[in-house]
Amino acid sequence: MPILLSIGIAYILALGSGRLCAAIGLPRVTGYLMVGLAAGPSLGGLGLPALITQKQLHSLVPLHDVIMGLIVFTIGGSFSLRAVRKMGMKRFRISAVEIGLTALLVALGTFTAGASPLTAGFLAVMAITTAPAATQMVLREYQSEGSLTDTILPLIGINNLVAIIAFIVLKNSVLSDKASFSMALVQISGPFVLGTFVGMVVAVMDQRLTRQVERQILVLASVAVIAGMAAILDISAMLATLIAGTVAVNASPYGKRILKELTAIDYPLYVLFFIMAGAALHLESLGHMGIIGAAYVVMRSIGKFFGCRIGAFWAGDSQTIKSWLGTAMLAQAGLAIGLAEVLAREWPGPGVTIQTVILASVVVFEGLGPLFTRTALVNAGEVTVLNLISQRSRVGYGEGFIQV
């Protein structure tokens, strides 16, 4: 089947699935993921051909990377200096405790379950990561506002920043024939240099461009350039894009205007992103999770929940943050999968085992993560009743057909 026909059918199915999920009180992103899962190769063994094949998924990788770049650019934009000064050290204290406790519990839990010390170390690093896309989509759908909403995205950015740096250091320290400090330094500093340069260009051009559509083109071009340059230089595109978003928002006199303007074009792209994410899920990996995988899922969940709770208590934050921040930080997907792929490629054997655990855990966390985020936002009182009600169409199919 031609790829455009597959995408078109998937979009139509996602439209209906999203509306159905909204009607029964689930996040629309859950519906998009379910469509991708049903259309992808993971369920292709049920007798029907896959709507989206593995080959088509591979051909969509560049588009996937650009959309992920837009999401991460927005996450970087949440680190405005004004917001950081307003929150003081609260966010960093919460993040430090959450990261430390999650990594410690996952390392101890997986080691006790039978993983080697090095395998447990890599799993601990990957447990830190949090999926920005699913969380951001839930925030967008319910138009949440409040202290919890303002805290979630910056903490996701810090989590992923720390995870990428820790992974690079650990990989270059133990997997290379000889410890390569210079290589680790390049892979860490490279994204900062590239991201800072692109962010400064965006900040300058943001002031000169007079039309909204021109600024939207600028961000799309910047994200694509970063993804391409990162592939050439063999550095982290996600880290570079995160830095670019942070620099652009803080360096431009117009602040977050450029992020606000992206909301006019990005949602349909995000829907396609989650269709692809659902199609890339590996349900069969659940059967190979084993005790180590179960320990990873349980310990990561405990670490995220109690880490945020203890960190918020140390930071003297509100009861809302203490109770519900950890619940909203469970989603995990793209970055963890990417890091696991690198390990499987460079560390045959143990790396493949780690990849299997991560792929299985992503099915759990990406499936339940949006629902937990919605639950946290609703219980925190940051979603209005109007945004929880599924609005009925004013015109039925029959009446609409007659009018047409």
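So here's what we get for this one:
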item	result
Residue selected from region 166-180 under the condition open to solvent by 50 Å² or more (accessible area, probe 1.4 Å) and in contact with a helix residue (DSSP H, G or I) (Cβ under 8 Å, 6 or more places away or on another chain), by the criterion modelled with the highest pLDDT	VAL169
Test: ALA248 is touching a residue at least 12 places away in the same chain (Cβ under 8 Å), part of a helix (DSSP H, G or I) and either in contact with a helix residue (DSSP H, G or I) (Cβ under 8 Å, 6 or more places away or on another chain) or crowded, with 22+ Cβ neighbours inside 10 Å (or both)	yes
Residues that are open to solvent by 20 Å² or more (accessible area, probe 1.4 Å) and of a type in the set (Phe, Trp, Tyr), drawn from region 76-125	PHE79, PHE92, PHE111
Condition met for ARG394 (basic (Lys, Arg) and either assigned to a loop (DSSP other than H, G, I, E, B) or open to solvent by less than 40 Å² (accessible area, probe 1.4 Å) (or both))	yes
Every pair of residues 6+ apart whose Cβ atoms lie under 9 Å, when the first sits in region 207-227 and is farther than 12 Å from LEU70 by Cβ while the second is among the basic types (Lys, Arg) and crowded, with 17+ Cβ neighbours inside 10 Å	LEU209/ARG215
Of all residues making up region 295-345, the number that are within 13 Å of LEU105 (Cα to Cα) and touching a residue at least 40 places away in the same chain (Cβ under 8 Å)	11
Contacts under 6 angstrom Cβ, first residue in region 23-39 being on the phi < 0 side of the Ramachandran plot, partner outside any helix (DSSP H, G or I), 6 or more apart	ALA23/SER390; LEU37/LEU281; ALA39/LEU51; ALA39/ILE52
Residues (under 23 Å from the mean Cα position of the chain (by Cα), of a type outside the set (Ser, Thr, Tyr) and either more than 15 Å from LEU148 (Cα to Cα) or at pLDDT 90 or above (or both)) located in region 94-109	ALA96, VAL97, GLU98, ILE99, GLY100, LEU101, ALA103, LEU104, LEU105, VAL106, ALA107
Every residue from region 293-317 that is open to solvent by 40 Å² or more (accessible area, probe 1.4 Å), more than 20 Å from THR135 (Cα to Cα), touching a helix residue (DSSP H, G or I) at 6+ places or on another chain (Cβ under 6 Å) and of a type outside the set (Phe, Trp, Tyr)	MET299, ILE310
Members of region 337-365 found to be aliphatic (A, V, I, L, M) and open to solvent by less than 10 Å² (accessible area, probe 1.4 Å), listed by number	ALA340, LEU343, ILE354, VAL357, ILE358, ALA360, VAL362
Residue list for region 195-214, filter: open to solvent by less than 20 Å² (accessible area, probe 1.4 Å) and at pLDDT 90 or above	GLY195, VAL198, GLY199, VAL202, ALA203
Selection count where residues are open to solvent by less than 40 Å² (accessible area, probe 1.4 Å) and within 13 Å of SER361 (Cβ to Cβ), scope region 276-291	3
All positions within region 181-194 that are modelled with pLDDT of 90 or more and either open to solvent by 80 Å² or more (accessible area, probe 1.4 Å) or touching a Gly at 6+ places or on another chain (Cβ under 7 Å) (or both)	VAL193
Condition check for ILE232: open to solvent by 60 Å² or more (accessible area, probe 1.4 Å), in a helix (DSSP H, G or I) and either over 18 Å from ALA131 (Cα atoms) or at pLDDT below 90 (or both)	yes
Unique match (being of a type in the set (Gly, Ala, Ser) and within 18 Å of ALA163 (Cα to Cα)) among ALA336, ALA380	ALA336
Subset of region 13-53 [open to solvent by less than 40 Å² (accessible area, probe 1.4 Å), assigned to a loop (DSSP other than H, G, I, E, B) and either at pLDDT 85 or above or closer than 30 Å to VAL385 by Cβ (or both)]	GLY25, PRO27
Top-ranked residue of region 371-389 - restricted to ones that are farther than 15 Å from THR135 by Cα and open to solvent by 50 Å² or more (accessible area, probe 1.4 Å), ranked as modelled with the highest pLDDT	ASN379
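The values are calculated or read from the model by the stated rules, or taken from the named source; none is laboratory data. Keep in mind the model is a prediction, meaning the values are calculated, not measured. We place every Cβ from the backbone using ideal geometry, glycine too, and count neighbours over all the protein chains shown. Please note that ligands, DNA and RNA were not included when accessible areas were found on the heavy atoms of the full protein model with its side chains. Shrake-Rupley method; radii C 1.70, N 1.55, O 1.52, S 1.80 Å.
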